[in-house]
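The values are calculated or read from the model by the stated rules, or taken from the named source; none is laboratory data. Being a predicted model, the structure only gives us computed values, none of them experimental. A quick note on method: Cβ atoms are made from the backbone with ideal geometry, for glycine too, and the neighbour counts reach across all protein chains shown. Just the protein is used for accessible areas: all its heavy atoms, side chains included, with ligands, DNA and RNA removed. Shrake-Rupley method; radii C 1.70, N 1.55, O 1.52, S 1.80 Å.
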Amino acid sequence: MVAERISTKVQCFHCGEDCDEVFRFDDKTFCCFGCKSVYEILSANDLCDYYGIDNAPGLKQKSRSDESFDYLDDPAIRRKLVKFDSVDYSRVTFQIPAIHCVSCIWLLENLRKVCPGVLKAQVIFGKKELTIDFNPQETHLSSLASTLSSLGYAPRIALDAEKNVPESVDRTLLYKLSVAGFAFGNVMLFSFPEYLGLDNQDELLTRVFSLLNLVLSVPVFFYSAWHYFTSAAASFRQKQINIDVPIAAGLLALFLRSSYDILTATGPGYLDSFTGLVFFLLIGRWFQSKTYESLAFDRDFKSYFPLAVNRVVNGVSHPTVIYQLAKGDEIRIRNLEIVPADSTLKSDHAYFDYSFVTGEAKPVKVLRNELVYAGGRLVGQPVNLIIEKPTSQSHLTSLWNNDAFKKRHESNYQKIIDRAARNFTWIVIGIAAVTAVYWQLYHPDRMWLVLTSVLMVACPCALALAAPFTYGSMLRVFGKNEFYLKNADVIERLANIDAVVFDKTGTVTTGTVPNVDFTGALTSDERSYVKALVCASTHPLSAIVSKFISEKPCLKISKFREVPGKGVEAVLDGALVKIGSAAFVGAVSKKETYASYVFVSINNEVRGSYAISTNPRAGIKEMLDRLGKRCVALLSGDNEAEKPNMQRLFAPSVQLLFNQDPHSKLAFVSSLQQQGHRVLMVGDGLNDSGAFKQSDVGLAISDDTGVFTPASDGILKGDKLVMLDKFLSLAKSSSRILWIAFSISFFYNAIALGFAVTGHLTPLVAAILMPISSVSVVGFSTVAVNSVARKKLQS
């Protein structure tokens, strides 16, 4: 169809602007070829629902730059922009300043329908960021940027993103609040004749003041309060009534009635109530936004991620917490450890599993001097890397929350909030309608004020704050005690746990003061081989053997392989060295007098074994006693030599299962769930990833190591395991606190609604009560959580 140029002035179907020149296409009018082109793109990809979400939601295209984005495909520039890059999977985050409404989010998150090669697009509205996962074989960065620009969402390219550039602050709400506050103060000043009963003495002055009040109220209506009207209109178009509808209705009724009274000289109107209402509503919104900012779960990983890696200084490795790493530092990563920051590979080659980033466990080969992205897990022999870019705030946390590792559990508190949002508004509108009829029949002069009070006071803002603030406060308490959870939903699942399953080695027992005996014969060089091999592994028994051997490790390792639950092998100076179970190295099993045996073979000749007995963590028995019947099982991959010791730790009712491989652990957890139990799996994360993913909550125990599974829902420092029962009790308490906060919110709405319906509450007081109710719920949650935490953790 050919575009037809006409001269009539109308509004653009895409952006809503007045058209100087009009272009008609598909029986719709556009102000420029740019807007028409965007419509054609959306129409061709069956995305015209975009126009049904909001009225003329598009951005004006006439002034859009025809900037070329070809430079983004330059390797050096591309490397600065992408967060992850592989042969068939890449990720980039663009700053999109033009994002402004729900229509923008809908269109951008459907980008895959417009641009071939896009796998997923996700908007973070508050930061105006768009994260795109795409296949680089099917599309390029330049194509993505050009497509976004053609849709009116040109990305802002910041090649110096690594520098600490202060983020721009959106002050729109403060501007609206300022306008409303200024108008409210002056309207009250001009209303003094009415307050003092002087309005009948000088009608001209009263008339002038009333008109001035109307002039002051117009910007409040069209600027400060406009968000409520657009939000309500959008909800009607989506056929989903939101909580802004009764507020918008009350504001509209109050303003129109006041305007009518003043313009027809039939009364002074209620503009003092109207402007004050908007002012206090905006104070409530400001308070809510500040509350959510303080609860941002985008927390600094300094207090969130207790991982450590080995930093190499003058050839010597030292454990270093990841937030202390700087650009240029050399680190040594062992098998199955997570790379904490974008780094360059110093070794010849290595394989990295990026399932932490992409959700797909497919090792990727990386060569010397190539980039390794944060979140990659090393598969194979240890390698050295040079830090290129320190881990950005929350990057590893966001990887941990990858959709691939989310558990499909419904959140009960979220269901309550969603149901309240759907039903509460209709109930309020119904009550308001009945109230309006009653007051119109009996006291028509007060109907508008009473109606507005009902619509204002019933807003369930405090209900929306209760859950995030209660669970957010509890997350802070947990974090201060070195218990780190993936997100707030884990607290709700923890509160329902009725079955706890423990791993043994590295969890119940620790290698801090082990007993180690070696039987066999090894030369000094062979002991250095063994030292090098166990240093390459992250298993707790490997760490124990490493401490036992005094020789320096041989550094020439090749053909490294680790079989979970079995052992490790590699070629060192031409010799094939195997360390692990008897079956793994080809040895004959020994009588089970020790908890664990680590056998050694060199060139397929068994040369000896390390007999290891570990000690339980200090205070573990008291914690197990406090858990009581919730502790149901111990699962261990070791033999039964430690069974008598474990029987002294655990209650007789607890199942003690030994020689358990990862599949057996997963099957056991699954069987408990089939019996109706909510299961918490506690382990070191090495052989427990399947059980972690299957369990309702998987908890990884960390002793200054960079190894844990993304399937875990939480990380607990090893020396804090003895507080596990207290953490479970706190999770239950947080759920009770949340229900009390819900009750306070509903109780407030019910009482206030009763006063409003009976005419004992003015709109202005109702607007003041709204932020007060939010403060009350937030204050209660904070005090209650901190009080309960102090009591339980100090007991």
Apply 1/(1 + (r/R0)^6) to the Cβ-Cβ distance of S664 and K547, taking R0 = 30 Å, and write down the FRET efficiency to the nearest 0.05.
0.55
Whole-Å semi-axes of the ellipsoid equivalent to the range 568-703 (Cα gyration tensor, √5λ, descending):
32, 18, 13
How many nm separate the modelled label positions at T264 and H349, each set 7 Å beyond the Cα in the direction of the Cβ?
8.7 nm
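Roughly speaking, what is the stretch gain from K559 to Q673, that is 0.36 nm per residue apart minus the C-alpha to C-alpha distance, in nm to one decimal?
37.0 nm
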Figure the gain on full extension for W226 and Q95 (residue separation times 0.36 nm, minus the Cα-Cα span) and round it to one decimal in nm.
44.5 nm
If M623, M188 are ordered by their accessible area, calculated over protein heavy atoms with a 1.4 Å probe, which sequence runs from highest to lowest?
M188, M623
Kindly flag which residue pairs out of K621/K791; K83/K346; K504/K566; K480/K717 have an alpha-carbon separation exceeding 18 Å in this structure.
K621/K791; K83/K346
Length added when fully stretched, L793-R626, from 0.36 nm per residue minus Cα-Cα:
58.8 nm
What ranking, highest mean first, results for peptides 691-697, 638-644, 442-448, 485-491 when packing means the other Cβ atoms within 10 Å averaged over each residue?
691-697, 485-491, 638-644, 442-448
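Students often check this: by mean Cβ neighbours within 10 Å, which of 256-268, 328-340 ranks highest, and how do the rest follow?
Answer by packing, highest mean first, reads 328-340, 256-268.
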Please calculate how many Å² of accessible area the range 712-758 carries per residue, with a 1.4 Å probe and no DNA, RNA or ligand atoms counted.
36 Å²
